[in-house]
Amino acid sequence: MAGSTAHKRIVILGGGSGGLELASQLAGKGELEVVLVDRELAHLWKPRLHEFAAGTVSSSLAEMSFYMLGHLRGFRFEQGEVSALDHDRREIVLAAIPGKDGTTAARERRIPYDVCVVALGGVVPDFGTTGVKEFAVRLDTKSDADHFRDRFIAAMIEARESGEPAEVVIVGSGATGTELAAHLRRSERGFFDQSTAERRRKLLGITILEAAPEIMPGAEPELRQQLAERLRRLDIKTVTDVNVSRIEVDAVSSKSGERWPCDLAVWAAGLVGNPILKRLGRFEIDNRGRIVVDQTLRSSLDEHVYAMGDAASLTPPGADKPLPPTAQAASQQADYLVEVLPLIARGEPVEPFRYADKGRIVSLGRAGTVGMIGFGKKDDFLIHGHFATAAYNALQRQHQWRVLGRLRGTVSIAADMISPTKGPALKLHGD
Ligand SMILES: Cc1cc2nc3c(=O)[nH]c(=O)nc-3n(C[C@H](O)[C@H](O)[C@H](O)COP(=O)(O)OP(=O)(O)OC[C@H]3O[C@@H](n4cnc5c(N)ncnc54)[C@H](O)[C@@H]3O)c2cc1C
């Protein structure tokens with residue numbers, strides 16, 4: 001790829017937190033032809049997926065049409081399921097899209113690339129636990145969130161009718177599990193009967209089960225303690241040291257014989273690379289199913305292929321494990337690739353990617369926002385209240401700016417702020 005960058009084509013697989021930021025910003029620079037591929041028609045910012053599930057999503061920007069974004073920012077969008085990467089011909093293959101009436105809605109397509117960036121995200125693994133696939137909900141995609149919300153609403157209607165609280169059991173006390181629990185408590189209010197004295201009658205029991213001795217393993221002790229306190233305030237039960245061995249239609253059971261009856265079980269334990277990565281092409285895959293990349297995010301086995309976000313396994317120099325699968329890391333990697341891909345296309349040398357850990361923040365609905373931020377482990381400090389909420393929202397604001405550009409991003413953020421769904425946001429439908 002030495003010489004002029006004219007007609008050099010970058011194909012980005014996956015328009016999630018990282019891939020869409022990369023496509024929008026890179027196309028905005030106008031130096032390279034950018035093609036974005038996603039199996040969905042609209043972008044959904046995954047850090048808000050639990051809010052879709054709980055029905056409390058309050059942002060008008062949580063979903064954006066890829067075709068419209070492509071038109072606004074100057075990239076070509078191709079809808080389709082990536083099925084293979086042909087390293088030798090430098091082409092990616094999109095599977096045919098089946099039509100609803102047994103016909104083919106779109107035929108199989110091959111898209112040539114000069115550089116391909118794999119940003120296909122990750123999934124929650126079931127670790128082979130019996131019943132997870134059949135009876136638990138995992139929050140990987142928008143349709144998972146829609147499915148959860150439908151079942152949640154049905155359980156709440158039944159609770160209101162029968163007088164018996166609906167029971168939700170969440171396996172895993174990381175950010176997804178705890179934030180979902182808090183938002184469900186918020187959703188419960190929408191089902192209170194406002195006109196009777198019984199309006200505060202409890203309609204929902206929520207239990208979080210954690211395999212480790214403490215909730216949110218890996219988090220700083222101060223943060224864990226704050227979280228535990230806030231979950232207690234929200235009347236969310238947490239049980240630690242639980243080795244879940246089976247999920248059934250109406251209960252979650254542990255290896256040691258305990259049983260938690262439930263109407264809905266959520267499996268939110270861990271994250272691995274998108275399973276397609278293992279069969280997509282020739283990659284070195286780590287023990288969590290992610291593509292091993294060097295310090296410039298380039299695949300260890302093909303200089304024309306890069307990987308980023310939850311699909312990539314990047315171990316910074318001196319670290320003993322790869323970066324965590326977060327939108328924060330995906331976004332920083334997108335910024336990096338926006339700068340270096342034009343250089344790479346011109347055959348110029350590039351600096352390695354450097355990750356700056358800005359901490360972690362958890363938003364617990366009515367119980368507020370809490371987090372640890374800092375510029376290095378020693379300087380991390382606990383934040384809560386308005387400052388923490390502002391810092392939490394900042395991640396999405398930055399995403400909006402990167403995807404929509406400064407002007408449109410600012411307008412849409414302002415629209416979000418004056419939206420009537422602010423405050424006790426309740427959106428108990430899918431679109
Ligand atoms: C409930 C929840 C809350 C979270 N909160 C936070 C938070 O507060 N802060 C934070 O930093 N991180 C958070 N995360 C993690 C964050 O969402 C992910 O780390 C981030 O989205 C990863 O970005 P990505 O671009 O790698 O992948 P994704 O955002 O997952 O995007 C992958 C894209 O690939 C597409 N795709 C997948 N397979 C195919 C295929 N075969 N063909 C075509 N397209 C395909 C998908 O449709 C999707 O658009 C949260 C995650 C969840 C689930």
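The values are calculated or read from the model by the stated rules, or taken from the named source; none is laboratory data. These numbers come from a predicted model, not from an experiment. Positions of Cβ are generated from backbone atoms using ideal geometry, with glycine treated the same way; all protein chains shown enter the neighbour counts. Each accessible area value is taken on the protein alone, full model and side chains, heavy atoms only, with ligands, DNA and RNA left out. Shrake-Rupley method; radii C 1.70, N 1.55, O 1.52, S 1.80 Å.
Data for the structure
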{"read-out": "HN-Hα J in Hz across segment 391-401 - Karplus 6.51, -1.76, 1.60, θ = phi - 60°, x for Gly and Pro", "value": "5, 5, 5, 4, 4, 6, 4, 5, 4, 4, 5"}
{"read-out": "Restricting segment 117-208 to chymotrypsin sites (Phe, Trp or Tyr not before Pro) in coil, as DSSP defines it, with at most 12 other Cβ within 10 Å", "value": "F127"}
{"read-out": "Amide proton proximity set for R138, modelled H, under 5 Å, gap of 5+", "value": "W267"}
{"read-out": "Relative contact order (%) - criterion: Cα under 8 Å, at least six apart; region: segment 198-306", "value": "15"}
{"read-out": "Per-residue [θ]222 nm for the chain (sum of -39500 (n - 2.57) over DSSP H runs n ≥ 4, rounded to 500)", "value": "-10000 deg cm²/dmol"}
{"read-out": "Gyration tensor (alpha-carbon) shape descriptor, segment 299-344, a/c threshold 1.5", "value": "oblate"}
{"read-out": "Amide H contacts under 5 Å for I170, placed H, 5+ residues apart", "value": "T207, I208, L209, V266"}
{"read-out": "For A312, distant residues with modelled amide H under 5 Å away", "value": "I291"}
{"read-out": "Acute angle (nearest 10 degrees) that the helix 221-233 long axis makes with the longest principal axis of the chain, alpha-carbon atoms", "value": "50"}
{"read-out": "Segment 274-321 and segment 136-190: distance between their alpha carbon centers, rounded to Å", "value": "34"}
{"read-out": "³J(HN,Hα) computed for each position of segment 111-119 - Karplus, 6.51 cos²θ - 1.76 cosθ + 1.60, integer Hz, glycine/proline x", "value": "10, x, 9, 8, 10, 10, 10, 8, 9"}
{"read-out": "Segment 228-275: C-alpha gyration tensor shape, a/c 1.5 cut-off, then a/b vs b/c", "value": "oblate"}
{"read-out": "Accessible carbon and sulfur surface of segment 127-270 relative to its total accessible area, %, 1.4 Å", "value": "47"}
{"read-out": "Charge dipole magnitude, Cβ of K and R +1, D and E -1 - the chain, Cα centre, debye nearest 20", "value": "760"}
{"read-out": "Theoretical gain in end-to-end length, Q194 to E258 [0.36 nm per residue, Cα-Cα removed]", "value": "19.4 nm"}
{"read-out": "Set of aspartates and glutamates with alpha-carbon distance to K358 below 13 Å, sequence-local pairs under 8 removed", "value": "D379, D380"}
